[in-house]
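Laboratory data are not the source of any read-out in this text; all were calculated from the coordinates shown. Just so it is clear, the structure is predicted and the values come from calculations on it, not from any experiment. Positions of Cβ are backbone-derived with ideal geometry, glycine not excepted, and every protein chain shown enters the neighbour counts.
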Amino acid sequence: MNEDMFENWASLPSLAEADTAEIAEAARAVLDAKKATDIAVIPVAGQSDITDCLVLATGNAGPHVKALAAEVEYRLAMRGLSPLHTDGFATRSWQVVDYGTVMVHVFDKQTREFYNLDKLYKDAGAVPKTEETK
């Protein structure tokens, strides 16, 4: 993908009532168009109490990390979806844009390798919740 996809971005359907998969795909498309690497969309429903899906991406340097997260926030807002929370904008190594059911994490390479959320969630089996563990 490239930036040509943004020519008609504002005319795309609103994401205000979108499901998890639609939001994750929109975030992935923005990250891809802006040259993020190692983009992963990981469903974590049943493995996480805070979100249903992670979108992980790597920027090539601190300014790129910051720009990628800001672009996701900007482009999804153009389609009617504002984040519930953002974090890390004072740093350049890891930024989070939280849409509730979808959390977008943008890392620099070193930080992504250190936290290794890809492995943590891809290898974790869904543990069914019982009344005792809720």
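Given the -39500 (n - 2.57) contribution per DSSP H run of 4+ residues, what per-residue ellipticity at 222 nm results for the chain, rounded to the nearest 500 deg cm²/dmol?
It comes out at -10000 deg cm²/dmol, rounded to the nearest 500.
Roughly what would the spin-label model give for THR86 and GLU113, points 7 Å off Cα along C-beta, in nm?
A separation of 2.8 nm, rounded to one decimal place.
Positive end of the charge dipole of the chain (Lys, Arg +1 and Asp, Glu -1 on Cβ, about the Cα centre): tell me which of SER14, ALA69, ILE42 has its Cα farthest that way.
ALA69
What shape does the chain take by its C-alpha gyration tensor, where a ≥ b ≥ c are the square roots of the eigenvalues and a/c under 1.5 counts as rounded, a/b above b/c as prolate, and the rest as oblate?
Oblate, since a/c reaches 1.5 and b/c is not below a/b.
Using only Cα atoms, tell me the angle between helix 62-78 and the longest principal axis of the chain; keep it within 0 to 90° and round to the nearest 10.
Helix 62-78 sits at roughly 90 degrees to that axis.
Counting pairs on different chains as well as pairs 8 or more places apart, how many Lys pairs in the chain have Cα atoms under 26 Å apart?
Taking the chain as the scope, the lysine pair count is 16.
Which angle from 0 to 90°, rounded to the nearest 10, does the C-alpha axis of helix 20-33 make with the longest principal axis of the chain?
50
Lys and Arg at +1, Asp and Glu at -1: add these up for the other residues within a Cβ distance under 13 Å of PRO63 and post the number. All intermediate terms of the calculation are to be shown ahead of the outcome.
On the way: positive: LYS34, LYS35, LYS66, ARG92; negative: GLU71, ASP108.
After counting each charged neighbour, the total is +2.
Got a sec to turn the phi values of segment 37-53 into Karplus ³J(HN,Hα) couplings, 6.51 cos²θ - 1.76 cosθ + 1.60 with θ = phi - 60°, whole Hz, x for Gly and Pro?
10, 6, 6, 10, 10, 10, x, 10, 4, x, 10, 10, 8, 10, 7, 9, 8
By its C-alpha gyration tensor, with a ≥ b ≥ c as the square roots of the eigenvalues, how is segment 1-73 shaped: rounded for a/c under 1.5, else prolate for a/b larger than b/c, else oblate?
Taking the square roots of the gyration eigenvalues as a ≥ b ≥ c, segment 1-73 is oblate.
By how many nm would the segment from SER14 to ASP98 lengthen if fully extended, with 0.36 nm per residue of separation less the alpha-carbon distance?
Taking SER14 through ASP98 to full extension adds about 28.5 nm, to one decimal.
What does the C-alpha gyration tensor say about the overall shape of segment 33-89? Classify as rounded when a/c is under 1.5, otherwise prolate if a/b is larger than b/c, or oblate.
Details: a/c = 1.84, a/b = 1.28, b/c = 1.43.
Because a/c hits 1.5 or more and a/b fails to exceed b/c, segment 33-89 counts as oblate.
Cβ neighbours within 10 Å, averaged per peptide: list 41-50, 7-16 in order, most packed at the top. List each step's numbers first, then the result.
Values: 41-50: 14.3, 7-16: 11.7.
With the highest mean Cβ count within 10 Å placed first, the list reads 41-50, 7-16.
Need the full-extension length gain, TYR121 to GLU7, defined as separation in residues times 0.36 nm minus the C-alpha distance. One decimal, nm.
Taking TYR121 through GLU7 to full extension adds about 37.6 nm, to one decimal.
Of GLN110, GLY80, ALA33, which is farthest along the charge dipole of the chain in the positive direction, counting Lys and Arg as +1 and Asp and Glu as -1 at C-beta?
It is GLN110.
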